[in-house]
Amino acid sequence: MDIINQVKHSILSPYGMEEKDIDKIMDSMLSATVDDADIYFQASHFESWVLEGGIVKEGSHSIEQGAGVRVVSGEKTGFAYSDRIELSVLLEAAKNVKAIARQGQIAQKKIDKVAGYPSYYDAVNPLKSLADQEKIALLRRVDIETRKLDSRIEEVIVSLVGVHEKVMVANCDGSLVADIRPLTRMNVTVILEENGQREQGSMGGGARSDYGYFLDQDKALQYGVEAVRQAVVNLQAIDAPAGNMTVVLGPGWPGILLHEAIGHGLEGDFNRKGTSAFSGKVGEKVASELCTVVDDGTLPGRRGSLTIDDEGVPTENTVLIEKGILKGYMQDRLNGRLMGVKSTGNGRRESYAHLPMPRMTNTYMLAGKHDPEEIIKSVKKGLYAKNFGGGQVDITSGKFVFSASEAYLIEDGKITRAVKGATLIGNGPEVLTKVSMVGTDLALDSGVGTCGKEGQSVPVGVGQPTLRIDGITVGGTSV
Amino acid sequence: MQNNEEINRLKNLVQDLLDESRKQGATSAEAGLSLDKGLAVTARLGEVETIEYHCDQALGVTVYRGKRKGSSSTNDFSPDSIRETVKAACSIAGFSSEDDYAGLPEQHMLATQFPDLDNNHAWDIEASSAIDIALECEEAARSLHVEISNSEGATVNSHQGISVLGNSLGFLQGGQSTRHSISCSVIGERDGNMQRDYWYSVSRNAQALESASDIGIKAAQRTLQRLGAQSLSTRQCPVLYSAEVAAGLIGSLVGAISGSSLYRKSSFLLDALDTQILPEFMRIHEQPHLQMALGSASYDGEGVATQARDIVTAGVLQGYVLSSYSARKLGMKTTGNAGGVHNLTVDSGENDFNAMLKQLNTGLLVTELMGQGVNRVTGDYSRGASGFWVENGEIQYPVEEITVAGNLKDMYKNIVSVGNDVDYRSNIRTGSILIEQMSIAGE
């Protein structure tokens, strides 16, 4: 059975709804001044298992479904949703949201385009990919093997999360598309103690795949190894430096720099409204010519990837910055239409109960020409930041932060002492102009990113090669 | 006015979940349910931008088979769904490990008194009236000054919810509550540089909200004050946390004395009970039964009675923040904090905000923090900040693109005073907090 029929079967059929009912709801929403309208159906299964103190002490399971109806007229949006997928309930919701547009009925277009797109992940159900006993055995094995790594380990916490989500989007242009989205995530946190001093280390990964992903090449055990390594490094760490200095960022997850410094600022809604520090800067130089940055929702199996976005638009590999020049923004349908461009497939929403808006998928910088070791050697005095926690940005002033969780001093071209975690702060439109070297070692993160915007969380990916930035503020305590 | 008929209908559903759990082999169970309806409208640049009708429902059950635990939830309230949800929870409980500390709270800890906390004030407002309020709020902000150049809009939110909690010890309670807010965020521009700031008011009762125009004017004033911000050179100096960011400082303390951080040994305040963690003049206490307050509750997330109590007296830590599970792990008794603290209050000194500035004398006033940057195991603290440079008790100019750093253990001990400019919008109620010295990194 193809994806659209599978999704119709599991979302509409249990509630006695058919495709022609979607036409009825759409019909009741449309009027002369409507620019866009859609109905978003979603059903998701979620599970999580947590091991702590050597035992699998809890598991939880959740089933949710619902539908959201939206009418857009000019810059105005009316929105309602229901967790009951029933014709009468959705007709009532449609009637409410229609009030946003002025009255006057137009001829309505029946669903005539049932589209399918090549998928960037398999339509698998992670929850059923392992028996419950096998999930527990996996968590136990990670716990046992991780505890063997270091006698200073006080606690190991292992979590496993799986989501199986089905979505279907009907648009007033007559299109109906569906997607089946698996998502998995695993995480290992360890706490070490030495002479009364404690530190933690944490590592995880995930993908749009089933749990087999963690068994492949013993990835799950590698998370434990990496978590212990980080905790050991941090046990030795001295106070971080404070002030403006040259910083070398490692490959992979430090790409959170791009997500915060430029990614959010290049989302279409902020630029359409003129509230971003990047507003009106397309065609201008916003980075050194070594920098080419893309947002790519088409990478197979990646956490941030989507076959179609939540408005039914296929995702793309969108060039944001090419050789330092700002090329364009990430768009959803509403903001693209108002700015006179097409959606780039970045219209995303947390669930049927939230409105879509432009969001990132996988945001990364392409590889450059410098040997990563040469980049370190080029720095007389500075900081090498290898791992990060979260970040945040004020898109209007352009100021952004991201917090290093593993960092070292660079002295005379050599990585020397580990320093404590510190927050780095910079100015989005400026920071990439200070990139003076870009490594050959492009890497994407391990699949752990979650991005929050206006209270909505969505899974995302980031990546970059090793980068040298000639000056960013490091928020240590060692003045 | 509580809608008793609806509450009783939902109580019956929760009882069904508990009965079904027993039928399916659970030795004990806890079940909860919530229903929330609301309206959110936003106006931007003098026009309505969005109208959202919210309607959410969820039910969840936690079952125990002996000392094994399993949980499951859904948003489908049909009888079939209830059976399936219980089945999923029981299945998980069949696979999870025996945990000696797992289980319901002890019967005698459960709440038996349910005073009216005056937290339910329905706001009978149509979308069109809500739009008018949002328009008035945004207009007040935009018309304040020519440098207010753009807007993220003004939003009016009104929500009413019902929640019901029950367990197999016979606890079954429910109640209705409301939450309304008005917020506004505008952008200012000077010399090609933009700044944005916001203000909001939130209350159980719409009548108690600040007026729409006052909220708009405050949002605009805050934005204007930030125009022309500059960085600081790297230095050490005293730091004054304004009331709205001071709540976060105390939030980190709550995290560090929470049961789950303690039994995992992932807290920088391990074994700190009965020791001096704050200066002698400081008291922090919980007030769960305040009328109309946002954090009020007569029972916690497990049905355990909440109680007014001191957490810190004269700077000495008196008690932890525990659920029945974390309490058992630590060999203690639950403090009625499953789900968090209730109106945690930091007692104020004599100083109003201006007196706090005078006491700061020369140093940094922080009004916004960015990023996480708190290591809960070691207490190491480093966050992005913006605010104002202050000299001789007078604000000199706005600052941005700086970090403030230290270690929370030292920062708490070096608190110099707490202002009486309390921010009541948070579940943590504190005035501004002055810290003797921190590291500032800048240009």
Give, in nm to one decimal, the length gained when the segment between residue B:333 and residue B:260 is fully stretched (0.36 nm per residue of separation minus the Cα-Cα distance). 24.9 nm
Projected label distance in nm at residue B:143 and residue A:110, using a 7 Å step from Cα toward the beta-carbon: 5.2
Mind pulling the angle between the C-alpha long axis of helix B:243-256 and the longest principal axis of chain B? Nearest 10 degrees, somewhere in 0 to 90. 40
State the extension gain, in nm to one decimal, for the chain segment bounded by residue A:122 and residue A:457, taking 0.36 nm per residue of separation less the distance between their alpha-carbons. 118.3 nm
To the nearest 10 degrees, the tilt of helix A:219-235 (Cα long axis) against the first principal axis of the alpha carbons of chain A is 50
Averaged over peptide A:416-425, how many Cβ atoms belonging to another chain are found within 10 Å of each residue's Cβ? 6
Could you order the peptides A:341-352, B:304-315 from most to least packed, using the average number of other C-beta atoms within 10 Å per residue? A:341-352, B:304-315
Which value in nm describes the separation of the simple spin-label points at residue B:5 and residue B:116, placed 7 Å from the Cα toward the beta carbon? 2.0
Quick note, the stretch B:157-275: a/c under 1.5 would make it rounded; otherwise a/b > b/c is prolate and the rest oblate (a ≥ b ≥ c, C-alpha gyration tensor); here it is oblate
Helix B:212-226: angle to the longest alpha-carbon principal axis of chain B, degrees 0 to 90, nearest 10? 50
Could you pull out the GluC sites (Glu not before Pro) across the stretch B:67-106 that fall in loop regions by DSSP (anything but H, G, I, E, B) with no more than 14 other Cβ atoms inside 10 Å? B:98, B:106
Among A:42-50, A:275-283, what's the highest-first ranking by average C-beta atoms within 10 angstrom per residue? A:42-50, A:275-283
Using the Karplus curve 6.51 cos²θ - 1.76 cosθ + 1.60 with θ = phi - 60°, work out ³J(HN,Hα) for each residue of the stretch A:49-61 in order, rounded to whole Hz, and write x for Gly and Pro. 10, 10, 10, 8, x, x, 10, 7, 8, 8, x, 9, 9
Checking the a/c ratio against 1.5 first, then a/b against b/c, what shape does the Cα gyration tensor give for chain A? oblate
Based solely on its DSSP helices, what 222 nm [θ] is calculated for the protein assembly as shown when runs of n ≥ 4 H residues each add -39,500 (n - 2.57) and the sum is averaged over all residues, nearest 500 deg cm²/dmol? -6500 deg cm²/dmol
Going 7 Å from the Cα of residue A:33 in the Cα-to-Cβ direction, what parts of the stretch B:127-148 have a backbone nitrogen less than 19 Å from that spot? B:127-136
Can you tell me the order of A:19-31, B:431-443 when each peptide is scored by its average per-residue count of other Cβ atoms within 10 angstrom, highest first? B:431-443, A:19-31
At 0.692 mPa s and 37 °C, Stokes diffusion of chain B via Kirkwood alpha-carbon radius, µm² per second: 137
Label-point separation, residue A:378 to residue A:225 (7 Å along Cα→Cβ), nm: 3.1
Per-residue Cβ counts within 10 Å, from other chains only, averaged over A:75-82: what number is that? 6
Assuming R0 = 22 Å, what is the FRET efficiency of residue B:396 and residue B:281, from their Cβ-Cβ distance, to the nearest 0.05? 0.15
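Read the figures in this text as sums done on the coordinates, not as results from a lab. The structure displayed is predicted, hence computed values, not measured ones. Note that we place each Cβ from the backbone using ideal geometry, even for glycine, and neighbour counts take in every protein chain shown.
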